[in-house]
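Since every read-out is calculated from the coordinates, none of them should be taken as a lab result. Predicted model, so just to flag it, every value in this text is computed and none were measured. All Cβ positions, even for glycine, are placed from backbone atoms using ideal geometry, and neighbour counts span all protein chains on display.
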């Protein structure tokens, strides 16, 4: 991942959740919480309220993850996730695991949408990516010769939307673990459970995903005219 001159590694900036959009999604799923006339037991009412609590607390995070994984389809993906989660809520035995559980449902929803849009899995050659270092490339290419903070000036060229565009260009197998670990704070072991992959596979995808993200940031900067001299 990109390194600044002090050695730190700032992952792509996360987008803030649009509260009005979240409210709209929550209203759209309001029918989930309307108690069916045939189900009037206290158990159902309690389950419904517990799900409401979980959904309300996790909704901003779900939307943020979805936005980073499927872009403009985020609202629909979150609504599908809530529908599936409500139907399966009785299967959740440990409610402390609720955040990871509902996140795993969202990941599956996003994957389904990706498979629907692309029948063939994404493939990418990493032969020329493994050796790529954005930090070293910026230093070697010196795109801003009059800059006293070369690497920071490069990063400052990127708006939130630019970063989001680069992120969405990554293949799903790399984008998902990057988003969950570096943007949403999940531990790698949690991610392994969420995406149902061995821990070693998750770690390998994180490494390759970071390398690919760096390369795509550099390519995007060149294509977008960002590599111009900074006048201080």
Neighbour-count ranking [beta-carbon atoms within 10 angstrom, fewest first] of 183, 217: 183, 217
Paramagnetic reach from residue 140 (point 7 Å along Cα→Cβ, amide N under 20 Å) across the range 149-189: 150-155
Residues 214, 95, 190, sorted so that the one with the fewest Cβ neighbours within 10 Å comes first: 95, 190, 214
Extended-chain gain in nm, criterion 0.36 nm per residue less alpha-carbon gap, residue 112 and residue 72: 12.9 nm
Cβ-derived FRET efficiency at R0 45 Å, residue 159 paired with residue 90, nearest 0.05: 0.55
Least to most buried among 224, 104, 96, 133 (fewest other Cβ within 10 Å first): 96, 224, 133, 104
Spin-label pair residue 169/residue 148, simplified geometry with 7 Å Cα→Cβ offset, distance in nm: 3.2
Förster radius 35 Å - calculated FRET efficiency between residue 49 and residue 197, Cβ distance, rounded to 0.05: 0.55
